[in-house]
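The values are calculated or read from the model by the stated rules, or taken from the named source; none is laboratory data. Remember, it's a predicted structure, so these values are computed and weren't measured experimentally. In this analysis, Cβ positions are derived from the backbone assuming ideal geometry, glycine residues included, and neighbour counts consider all displayed protein chains.
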Amino acid sequence: MSKILFFMCVIGCFMPATLMAKVEKVTLKGVIKGLGNEELILMNTDQSEIVRTKTKNDRFKITAEVETGDLRYYMLYAPSVGPLGPSMSIPAIYFFIDSPEITIGAELKNERINIKSLKGSPGRQEYDRIMASLPSASRVEEIYDNYNKAFHEYNEVSQTPENMKKLKAVSQAVDALQQQRREEIFGLLPQYTNSMPFAVIISSYFGIDNIDEAEKVWKQFDPSIRYCYALKQLEDLIQRGKSCAVGHEAPDFELMTPAGEKIKLSSLRGKYVLVDFWASWCGPCRREIPNIKKVYAEFKDKGLEVVGVSIDHSDEAWKKALEEEKLDYLQLSDPKSVTSKLYNYNGIPFIIRIGRAIRFASTELSNKVVAAHTKITEYIK
């Protein structure tokens, strides 16, 4: 079973390994077709604001001093499109700045801003060449268009069982595509161990649930390019992931139930806890729910507590999904995606197991409940 990854339309860029980070004055200009006259914010990688402006008839121009040379990405965020964080909307475009002037051509459609062209960045050519070389490249647009259409029909038109059935069906094609692209990209690693654009591409596949694999990949890159932002971030993820090893305390959080009651994870101390991070719009998440319900039914009288944490921005969509799935275990809402930062997950469904002392019970933070069944049995006993 695959995950729905949180897509950032990152445009890799290629720069000589001898360059290091430095501050430069740059100009960003271009057009975001369909945005009109709206606020646009240039932000750092940590989402801190650099400067803001307003588009005029879809057009914009920004001059600012930014750090360049280590392949860190920046974003242009349009608040009117939607909030930042995990969702199926794309309210921002992500890119690296590797020249004094960057010209961007983008389009806003169905709450998603997509880059159509980017001039002035030699790295864009390298990134596009790698992605275009994948055998699955010709199928990407059609499959995601089908998924987005089904997603829109269910969430914006009518949340009927029939539309949910269609959404689940097309999400299977997305699962298959994601798995194929992952295999293709990882197969290219031996050819691109000194490629910064490739480091950007492959690093997006790692989260806290596959730290061991991340470390193996990180070690294969040439030491001369490990200063680049993507690999420094990957190194940091590996170190943070090791803090989630067996025996380490799970980060606490406090979220709302459907009834408006605040619940802390730490309040469940003394029970074995299975936490499922999911969303109503996530096809793989919805398909995993029957497995979670079976596990809960079998072990709830033996000390197991299951907690569903939804990252839906829409309270209505979340509660509608709860009714449809007939969930009888604890449900919490995380519309600001606080937990994605605490637990460093980059896709859903993401499921973790926590012991009685609210400490991680396993380093295998599996997103497959069926595979986790044996281990849960061992913990309960």
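Out of 124, 112, 72, which single residue is more than 19 Å from the chain's Cα centre (by Cα) and of a type in the set (D, E, K, R)?
124
For the stretch 164-202: of the residues being surrounded by 14 or more Cβ atoms within 10 Å (Cβ to Cβ) and either acidic (Asp, Glu) or without any contact (Cβ under 8 Å) to a residue 12 or more places away in the chain (or both), which is farthest from residue 144 (Cα to Cα)?
184
Among the residues in the stretch 196-209, are any over 19 Å from the mean Cα position of the chain (by Cα), over 30 Å from residue 155 (Cβ atoms) and either among the acidic types (Asp, Glu) or not in a helix (DSSP H, G or I) (or both)?
Looking through the stretch 196-209, none of the residues is over 19 Å from the mean Cα position of the chain (by Cα), over 30 Å from residue 155 (Cβ atoms) and either among the acidic types (Asp, Glu) or not in a helix (DSSP H, G or I) (or both).
Quick one: residue 347 ticks every box in (1) over 22 Å from residue 174 (Cα atoms); (2) buried (at least 18 other Cβ atoms within 10 Å of the Cβ); (3) not hydrophobic (A, V, I, L, M, F, W, C) except a single one, so which number is it?
Condition not satisfied by residue 347: (1).
Take residue 53 and decide whether it is surrounded by 15 or more Cβ atoms within 10 Å (Cβ to Cβ) and not aliphatic (A, V, I, L, M).
Spelling it out, residue 53 is indeed surrounded by 15 or more Cβ atoms within 10 Å (Cβ to Cβ) and not aliphatic (A, V, I, L, M).
Find all pairs meeting these conditions: Cβ atoms under 6 angstrom apart; at least six residues apart or on different chains; first residue within the stretch 315-329 and over 13 Å from residue 259 (Cα atoms); second residue of a type in the set (Gly, Ala, Ser).
Partner pairs satisfying both residue conditions: 317/280; 321/280.
Residues are listed down the side, and each one gets a yes or a no for (1) acidic (Asp, Glu); (2) over 30 Å from residue 48 (Cα atoms):
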| site | (1), (2) |
| --- | --- |
| 72 | no, no |
| 75 | no, no |
| 78 | no, no |
| 84 | no, no |
| 94 | no, no |
| 111 | yes, no |
| 155 | no, yes |
| 164 | no, yes |
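Write out, first by first residue and then by second, each pair whose Cβ atoms fall under 6 Å of each other, whose residues are 6+ apart or on separate chains, and whose first residue, in the stretch 125-153, is touching a residue at least 24 places away in the same chain (Cβ under 8 Å) and buried (at least 17 other Cβ atoms within 10 Å of the Cβ) while the second is part of a helix (DSSP H, G or I) and among the β-branched types (Val, Ile, Thr).
So the pair list comes out as 147/170; 147/174.
Just the residues that are part of a helix (DSSP H, G or I) and of a type in the set (D, E, K, R), please, taken from the stretch 313-351.
The answer is 315, 316, 319, 320, 323, 324, 325, 341.
Would it be correct to say that residue 364 is modelled with pLDDT under 90, among the acidic types (Asp, Glu) and within 20 Å of residue 205 (Cα to Cα)?
Answer is yes for this residue.
Considering every residue within the stretch 281-294, establish whether at least one is surrounded by 17 or more Cβ atoms within 10 Å (Cβ to Cβ), small (Gly, Ala, Ser) and under 29 Å from residue 211 (Cβ atoms).
The answer is yes; a qualifying residue exists.
Those residues that are of a type in the set (A, V, I, L, M, F, W, C), touching a Leu at 6+ places or on another chain (Cβ under 8 Å) and either closer than 15 Å to residue 282 by Cβ or in the same structural domain as residue 315 (by TED's automatic domain parsing) (or both), I need them from the stretch 147-188; list them, please.
150, 151
Of the conditions (1) under 30 Å from residue 71 (Cβ atoms); (2) without any contact (Cβ under 8 Å) to a residue 40 or more places away in the chain, residue 230 fails just one. Which one is it?
The one condition residue 230 does not meet is (2).
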